[in-house]
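Take a look at the structure below.
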Amino acid sequence: MGRIIMKWGGGLISDKSSLCTADNERIRLLADCVKTLSEMGHDIVIVHGAGSFGHIRAREYRLNEGNIDGLDQAEGINIVRSDMDDLHNLVIRALHPLSVTSHRPRDFVVNTGPDFQGHIERFLLPGIHITFGDVVDCDEPLDFGILSGDDLMLRLSTELPDVSHAIFAMGGAPGLMTSADSSGELIPLWNNNMPFSGHHSQNVDVTGGIFLKMDRADVISQFVDHVWLVDGEHTTRIVEIVEHGHTIGTRIVST
């Protein structure tokens with residue numbers, strides 16, 4: 001069975017506007033979906049976002065900008081890492097009784113962006129693996145920065161063997177839309193020559209939002225046949241992709 005790389009968006013599993021507020025019901029439903037896919041025989045890697053457990057305080061301490069002279073950011077690093085551990089543990093508990101291998105990026109990654117340094121082969125062991133966007137160490141003069149879960153998705157999807165699906169489960173829309181307002185329609189099939197509409201809240205999000213996500217999904221589609229953006233509130237759609245190859249959502253294809 002193929003390996004599935006799955007992103008749980010931070011805005012899906014938490015309330016991004018309310019500090020450290022998890023959506024436990026959505027986490028439970030996503031975990032049940034993973035259990036179903038595991039019973040089908042798939043190895044699965046979950047990359048979960050930070051949502052309100054990471055972005056709000058990371059923005060407050062400007063952690064995405066690296067080391068800033070005259071600004072004490074050490075406290076912020078410790079707080080964000082602790083909050084991310086809390087969210088990570090919530091996800092792990094929801095996956096019980098599955099045996100899960102956890103990988104905190106700060107333990108194996110240096111630098112940020114798609115060219116981060118880290119040993120991806122640690123995800124090769126059969127079973128369920130889980131990781132997340134994190135504050136990681138960086139070379140001088142930055143010293144630290146925010147590693148996006150979308151960059152983890154890129155590297156895991158293109159470097160691990162036998163990846164059959166890369167699925168981005170987000171909240172708030174059935175997939176990629178023609179417009180960010182109520183007049184928007186679902187784009188069922190997308191490539192990088194096609195326009196789309198998205199909203200990136202720079203006041204909250206310390207990574208690239210939907211625009212970074214689609215850039216990474218485009219690259220992944222050159223290596224993986226099934227790359228999808230779906231509404232993670234409807235977890236049956238994730239199973240439908242794996243079982244039938246189609247669902248309500250946006251499939252990203254290479255040009």
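Of these, G76, G118, which one is within 20 Å of A58 (Cβ to Cβ), without any contact (Cβ under 8 Å) to a residue 24 or more places away in the chain and either open to solvent by less than 10 Å² (accessible area, probe 1.4 Å) or touching a helix residue (DSSP H, G or I) at 6+ places or on another chain (Cβ under 8 Å) (or both)? Just a single option satisfies the conditions, and that option is G76. For L152, the conditions (1) closer than 27 Å to L29 by Cα; (2) among the hydrophobic types (A, V, I, L, M, F, W, C); (3) at pLDDT 95 or above; (4) assigned to a loop (DSSP other than H, G, I, E, B) all hold with the exception of (4). Selection of first residues in region 8-20 that are in contact (Cβ under 8 Å) with a residue 40 or more places away in the chain and within 17 Å of R59 (Cβ to Cβ) and of second residues that are acidic (D, E) and not in a loop (DSSP other than H, G, I, E, B), restricted to Cβ pairs under 6 Å at least 6 apart or on distinct chains, gives the following pairs, ordered by first then second residue: C20/D83. With the structure loaded, tell me whether N67 is part of a helix (DSSP H, G or I) and open to solvent by 60 Å² or more (accessible area, probe 1.4 Å) or whether it fails that test. No. Among the criteria (1) open to solvent by less than 30 Å² (accessible area, probe 1.4 Å); (2) out of contact with any Cys (no Cβ under 6 Å at 6 or more places or on another chain), the one S99 does not fulfil is (1).
Would you be able to say whether some residue in region 37-47 is under 19 Å from the mean Cα position of the chain (by Cα), open to solvent by 10 Å² or more (accessible area, probe 1.4 Å) and closer than 16 Å to S148 by Cβ? Taking every residue of region 37-47 in turn, none turns out to be under 19 Å from the mean Cα position of the chain (by Cα), open to solvent by 10 Å² or more (accessible area, probe 1.4 Å) and closer than 16 Å to S148 by Cβ. Every listed requirement among (1) in a helix (DSSP H, G or I); (2) touching a helix residue (DSSP H, G or I) at 6+ places or on another chain (Cβ under 9 Å); (3) at pLDDT below 95; (4) not aliphatic (A, V, I, L, M) is met by R216 save one, (3).
Cβ separations smaller than 6 Å between residues 6+ apart or across chains give the following pairs from region 132-153 residues that are of a type in the set (F, W, Y) to residues that are outside any strand (DSSP E or B) and open to solvent by 10 Å² or more (accessible area, probe 1.4 Å): F144/C138. When region 1-18 is filtered for residues that are under 21 Å from T207 (Cα atoms) and either buried (at least 22 other Cβ atoms within 10 Å of the Cβ) or modelled with pLDDT of 95 or more (or both), the ones remaining, listed by number, are I5, M6, K7, W8, G9, G10, G11, L12, I13, S14, K16. Applying a threshold of 8 Å to beta carbon distances and a minimum spacing of six or more residues, or different chains, the list of pairs starting in region 221-234 at a residue that is open to solvent by 30 Å² or more (accessible area, probe 1.4 Å) and ending at one that is aliphatic (A, V, I, L, M) and in a loop (DSSP other than H, G, I, E, B) reads H234/I248.
The values are calculated or read from the model by the stated rules, or taken from the named source; none is laboratory data. Note that the coordinates shown come from a computational prediction; the quantities given were computed from them, not determined experimentally. Virtual Cβ from ideal backbone geometry, glycine too; neighbours counted across all protein chains shown. With ligands, DNA and RNA removed, areas are computed over all heavy atoms of the protein, side chains included. Shrake-Rupley method; radii C 1.70, N 1.55, O 1.52, S 1.80 Å.
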